[in-house]
Amino acid sequence: MSAGLRHSCAVTGDDLYCWGENSNGELGIDSTTPSSVPIMVPL
C-alpha cells in the first residue's frame, strides 16, 4: 500500500487499485476525476 496527501494505492495479486482526490492525475487512470472507491489502474 502507498499513500499520498490525498490519494492511496494498493496492490492485490497482479492488480493495482488507487482512490482519492486525483486533481493532478495521481490515480494513473488518464483522468482527473476523483474516486472514493478503489479503481483498477491499468499496468
Open item on the list: Can you tell me how many residues within segment 1-31 are assigned to a strand (DSSP E or B), out of contact with any Ser or Thr (no Cβ under 6 Å at 6 or more places or on another chain) and within 16 Å of LEU43 (Cβ to Cβ)?
Closed with: 8
Open item on the list: For segment 32-43, check the following and say yes or no: at least one residue is in a loop (DSSP other than H, G, I, E, B), within 11 Å of the chain's Cα centre (by Cα) and in contact (Cβ under 8 Å) with a residue 12 or more places away in the chain.
Closed with: yes
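All of the numbers you see were taken from the coordinates with simple rules; none came from a lab. Every value quoted in this text rests on a predicted model; they were computed, and no experiment measured them. Note that we place each Cβ from the backbone using ideal geometry, even for glycine, and neighbour counts take in every protein chain shown.
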